[in-house]
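J.: I have a structure I would like to understand better, so I am pasting it below and will then ask my questions one at a time.
The values are calculated or read from the model by the stated rules, or taken from the named source; none is laboratory data. Not measured: the values here are computed from a predicted model. Reconstructed Cβ throughout: ideal geometry from the backbone, glycine too, with neighbour counts over all protein chains shown. Only protein heavy atoms, including side chains, enter the accessible area calculation; ligands, DNA and RNA are left aside. Shrake-Rupley method; radii C 1.70, N 1.55, O 1.52, S 1.80 Å.
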Amino acid sequence: MKTGEDARGEGSTGPQKLGLCVLCGLPAAGKSTFARALSHRLQQERGWAVCVVAYDDVMPDAFLREASARPLPSQWKLLRQELLKYLEYFLMAVINGCQMSAPPDRTEAMWEDFITCLKDQNLISSAACEAQSCYLLTKTAVSGPLFLILDDNFYYQSMRYEVYHLARKYSLGFCQVFLDCSLETCLQRNGQRPQALPAETIHLMERKIEKPNPEKNAWEHNSLTIQSPACSPEASLKLTDLLLTALENPVKCVEDNVEQKETDRITCSTNILHQADQTLRRIVSQTMKEAKDKETEGPSAHHQENQHTVGTTTLVS
């Protein structure tokens, strides 16, 4: 149950605790069902406010109402980044305790779906002044800990890092939950859906998916893998610990800047080594070509070439 130590009540002081939870896994791994169950449990047992943002409910329909075909990968990337911008506008309103404004540049249908998502979870008021593109936050959204659960495949590490970057920007809690489900189960579930994905798409994602790797990436240290479809009592306790740890230990900009500087240093060093390697390869290639040409020209031409080379060298010197 909710306690004063892990939930901010009406009489508590200090900034509101906010967290971002990335829920990732293959299509049809059971993420949406898991997210709904987790949201219900956190509200009932912890008294937290929870916002589940299912990317499939916000992006595809909005896009298909304005286009005649499914978006290309590059378009998907732009849509994902646009949705993160919407989330940032919501977070800024929560952090500052003010109304939420609408981004000036937005995909109208997708923004409407996002607003509906927040209304359905009692995070913005239905009585908001939408004509002025302003939205009033509810007491639920600002009176205690708030966790945003982002439900998507997030099969590339770079997709999840964008969310981490948002957490770092506003010093929010951050964690990841990977729902591990067998390819066969995902394919079977997908086949039972009214709008099933092509099986080839799931096969491709299964080959390309980059699971959270805390040992390699320091920013992924708050990660947990849970077997789907069952969530054991032990896994449930680990999940609660993960979320509490994320809330109590928000990402710090100063700490992360050190990490980023180290990443930039390694990248810079790698680029210098790459350039040196390319230069050396060109020198070796040119030297071998000149040697081969001399072998095929004959003694007389070889002698003339040597004289020309000496003269050129003298001029350059």
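J.: Right, G97: closer than 26 Å to T245 by Cα, at pLDDT below 95 and open to solvent by 60 Å² or more (accessible area, probe 1.4 Å) or not? Walk me through how you get there before you give the answer.
T.: Values: closer than 26 Å to T245 by Cα: yes; at pLDDT below 95: yes; open to solvent by 60 Å² or more (accessible area, probe 1.4 Å): yes.
Yes, satisfied.
J.: Considering only the stretch 167-203, state which residues are of a type in the set (A, V, I, L, M) and in contact with a helix residue (DSSP H, G or I) (Cβ under 8 Å, 6 or more places away or on another chain).
T.: L172, V177, L179, L183, L187, A196, L197, A199, I202 - these are the residues of the stretch 167-203 that are of a type in the set (A, V, I, L, M) and in contact with a helix residue (DSSP H, G or I) (Cβ under 8 Å, 6 or more places away or on another chain).
J.: May I pose another question? Does Q304 satisfy the criteria of being assigned to a helix (DSSP H, G or I), modelled with pLDDT of 55 or more and either closer than 30 Å to H165 by Cβ or not charged (D, E, K, R) (or both)?
T.: Spelling it out, it is not the case that Q304 is assigned to a helix (DSSP H, G or I), modelled with pLDDT of 55 or more and either closer than 30 Å to H165 by Cβ or not charged (D, E, K, R) (or both).
J.: So, one more: State which residue pairs qualify: first residue more than 13 Å from L118 (Cα to Cα) and inside the stretch 36-58, second residue in a strand (DSSP E or B) in any location, beta carbons under 6 Å apart, and separation of 6 or more residues or different chains.
T.: Taking only residues 6 or more apart or on different chains, the pairs are S39/V50; S39/V52; L42/V50; Q43/V50; W48/F147.
J.: Could you tell me how many of the residues in the stretch 42-54 are assigned to a helix (DSSP H, G or I), crowded, with 17+ Cβ neighbours inside 10 Å and either modelled with pLDDT of 95 or more or of a type outside the set (K, R) (or both)?
T.: 1
J.: Given (1) surrounded by 14 or more Cβ atoms within 10 Å (Cβ to Cβ); (2) of a type in the set (D, E, K, R); (3) at pLDDT below 70, where does D277 come up short, assuming only one miss?
T.: Going through the list (1) surrounded by 14 or more Cβ atoms within 10 Å (Cβ to Cβ); (2) of a type in the set (D, E, K, R); (3) at pLDDT below 70, D277 breaks only (1).
Yes/no per residue for (1) charged (D, E, K, R); (2) outside any helix (DSSP H, G or I):
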position	(1), (2)
H165	no, no
R168	yes, no
P194	no, yes
I202	no, no
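J.: Any residue in the stretch 66-89 that is among the aromatic types (F, W, Y) and in a helix (DSSP H, G or I) sitting within a Cβ distance under 8 Å of a residue that is modelled with pLDDT of 90 or more and open to solvent by 50 Å² or more (accessible area, probe 1.4 Å)? List the pairs, counting only those 6 or more apart or interchain.
T.: These pairs meet every condition: Y86/R106; Y89/S101.
J.: Is it the case that the stretch 221-228 has a residue that's of a type in the set (S, T, N, Q), assigned to a loop (DSSP other than H, G, I, E, B) and either at positive phi or open to solvent by 30 Å² or more (accessible area, probe 1.4 Å) (or both)? Give the derivation first.
T.: Let us first name the residues in the stretch 221-228 that are of a type in the set (S, T, N, Q), namely 222-223, 225, 227-228.
Right, trim to assigned to a loop (DSSP other than H, G, I, E, B) and you get 222, 228.
Still in the running and either at positive phi or open to solvent by 30 Å² or more (accessible area, probe 1.4 Å) (or both): none.
Checked the stretch 221-228: no residue is of a type in the set (S, T, N, Q), assigned to a loop (DSSP other than H, G, I, E, B) and either at positive phi or open to solvent by 30 Å² or more (accessible area, probe 1.4 Å) (or both).
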